[in-house]
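Below: the structure, in structure tokens.
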Amino acid sequence: MKVLFVDDQASVLDGLATGLNFPELGVRDARFASGTDSALALLKEQPVDLLFCDIEMPGRDGMELAREVRERWPETLIVLLTSHAEFGYAQECMRLGCYDYILQPAPYDVIGQVIRRAHQQLEEQRRRKRLYDVGSRMRTSGMELLDNLTLGLLNKSEEERREAVEMLNLLDYPLDAGTPSRLLSLHFSSFRKAESALNAEKEIHRALGDAMKESEFSFSALHLSALDHHGRFLMLLFPADRERRAELSDEDIRRFFDCLCRARPCEPIQCCAGAQFPLNQQRGELHRIREIVDGRQSAENVLLLSSAGELPHSHLSLAGDSARWAALLATGQRRSLLGEVESCLHSIDAMPSGRGKALCELHQRLTHIFFNYFYENGTDVHQLFRSQYSYNEYMSSFSDSETMRVAVAYLLRQTEELEQTKAPVDNIERAKSFIAENISNPITVKDVADYVYMSPEYFTKLFKKETGQNIKEYITLAKIEAAKDLLEHSSMSVGMVALELGYTNFSHFSQVFRKYEDVSPSEYRSKLEEE
């Protein structure tokens, strides 16, 4: 970033030159001018990204300079400095569209914070422009494109990870295989209950971006986020400077999470932040985080945060194994589930401290498990609560163990009533529905088997026996049929059709399509147009 400081006092300019650590702030070119005329001469020679200008200067003052810069170099961010707290100055700054307005004398750390924020905004503007250009060519929205590329960075295929890095480099993200990064897995309790999943996803992506802008990281950081097929939001944090290999501290993550919780104040949010690793090792860290979140691995070297407060590692095990509890609920083993929840409540009651946080985490996990069960069975959660037991009573039932026992017993009774009134859904049909609903994701046999709570080996045999078709081939054919429909009924480019169906490797998509249709996707579309 290039910065120009303008002040008629040489002592002020000397102080800025020595008092600010420009490399740490991301400034590679810092210039200094003693007045408006010399500043304009420097700007004609080389425009800058950020201009700091004193208002009170002899001759042409800072306001005049700001007006001319706004007219001739509109992309330059302007910060005006003054020693007078006059409202008229602030009004004029707003009218001119200045980035900030600082009262002097200002501590160097305050000026440094403004530079960091401006740097982050400039990077965001540049990324948006690149994203718009690429998005226009590929006829897609930025969210869909970045979702696919972020998941591509965590793909098991080394080639697909490399291609995702190359595409993100085109979008001006400073990434390579060795970029130091931290991976966050975030659970938003409202997402599963949202009437429009797409709108809810956009709102959460927007909240993540806003929290990043508001956070005061120890250095300029960027992020990428995506929704995975487990319904969790994944977030990669990394330095904005390609040459920087600094560490993203737990304190940085806590500040970001606090901003996120303020942005969504009424929603329970949980975050599991992994350790820092180079980008090419984050797939292994993703697997470890998922094991920890699902209760299958101890929580070591991770930061666990909740909107109710930071969670000690011991609390995670007290909340039980989410995957096991979901399986018990899905298979009607309510008595076993109740017994395990009761065991957790006894353990929490015996804790010397932190019982409130532990109860809150247990409540959030149970809410996710139960509400997801009702959602998958086509039941509106709000219809479950009646005059004798309200939704608000349930949402506040984490206040003590006895209140939570009442809440769990009530939800278990609702699952029993649901089973009595609704015929059981065939596992094969449930699997087909899952594949159809997740056709845009890179679905594996294990994903489908996990959804119906079977081992991949047994489910593969069962699917073949019931349908006469191999499950892998069924998934592929479902994607091919979806691709044919998009090629015929949409104006998407072939590349975007591939991304829409979870193929980040375009050549692989073309090969698979040709195998089943004997023509390439482009040839298929041309043939349809001719007909």
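The values are calculated or read from the model by the stated rules, or taken from the named source; none is laboratory data. Please read all numbers here as calculations on a predicted model, not as lab measurements. Cβ sites come from the backbone with ideal geometry, for glycine too, and all protein chains shown count toward neighbours. Side chains included, ligands, DNA and RNA excluded: accessible areas come from the protein's heavy atoms. Shrake-Rupley method; radii C 1.70, N 1.55, O 1.52, S 1.80 Å.
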Computed ³J(HN,Hα) along the stretch 25-33: with the Karplus parameters 6.51/-1.76/1.60, θ = phi - 60°, integer Hz and x for glycine or proline, the list is 8, x, 9, 9, 9, 10, 10, 9, 9
Stretched fully, the stretch from K461 through A327 gains (0.36 nm per residue minus C-alpha distance, one decimal, in nm) 46.2 nm
Ordering K202, K446 by the accessible surface of their heavy atoms, 1.4 Å probe, largest first, yields K446, K202
Computed ³J(HN,Hα) along the stretch 297-304: with the Karplus parameters 6.51/-1.76/1.60, θ = phi - 60°, integer Hz and x for glycine or proline, the list is 8, 5, 8, 10, 6, 10, 10, 9
In the structure shown, of K129/K213; K213/K479; K202/K527; K129/K515, the pairs separated by more than 26 angstrom at the C-alpha atoms are K213/K479; K202/K527; K129/K515
The simple spin-label model distance between L103 and S522, using points 7 Å out along Cα→Cβ, in nm, is 6.4
Expected field for T444, accessible surface area in Å² at 1.4 Å probe radius, rounded to 10, holds 50
So for the chain, using the alpha carbon gyration tensor with a ≥ b ≥ c as root eigenvalues (a/c under 1.5 gives rounded; past that, a/b versus b/c decides prolate or oblate), I'd call it oblate
From the Cα centre of the stretch 19-90 to that of the stretch 239-293, the distance in Å is 36
Expressed in square angstrom to the nearest 10, the accessible area of V114 with a 1.4 Å probe stands at 0
Order by accessible surface, 1.4 Å probe, largest leading, for residues S190, S225 comes to S190, S225
Karplus-derived 3J(HN,Hα) from phi for the stretch 492-499 (6.51 cos²θ - 1.76 cosθ + 1.60, θ = phi - 60°), whole Hz, x at Gly and Pro, runs 4, 5, 4, x, 6, 4, 4, 5
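For L65, what is the net charge nearby, where nearby means another residue's Cβ is under 10 Å from its Cβ and Lys, Arg count +1, Asp, Glu -1? Mind dumping the intermediate values first?
On the way: positive: R60, R67, R70; negative: D37, D54, D61, E64, E68.
Here the count lands on -2.
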Probe 1.4 Å, heavy atoms of protein chains only: per residue, the accessible area of the chain in Å² is 48
Percent relative contact order for the chain, counting Cα pairs under 8 Å at least six residues apart, stands at 10
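With r as the distance between the Cβ atoms of H508 and L42 and R0 = 51 Å, compute the FRET efficiency 1/(1 + (r/R0)^6) and round to 0.05. Present the calculation step by step, with values, prior to reporting the outcome.
Numbers: r = 51 Å, r/R0 = 1.01.
Efficiency computed from Cβ-Cβ geometry: 0.50.
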Summing -39500 (n - 2.57) over every DSSP H run of at least 4 in the chain, dividing by its residue total and rounding to the nearest 500, the 222 nm mean residue ellipticity is -18000 deg cm²/dmol
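Can you tell me the relative contact order of the stretch 378-517? Whole percent, Cα pairs under 8 Å, sequence separation 6 or more. Show your work: numbers first, answer last.
Values: 74 pairs, mean separation 23.5, N = 140.
Contact order relative to length: 17 percent.
Give me the percent of accessible area attributable to carbon and sulfur for the chain, probe 1.4 angstrom. Can you show the working numbers first?
Details: 12460 of 25250 Å².
Using a 1.4 Å probe with all protein chains present, the chain comes out at 49 percent carbon and sulfur.
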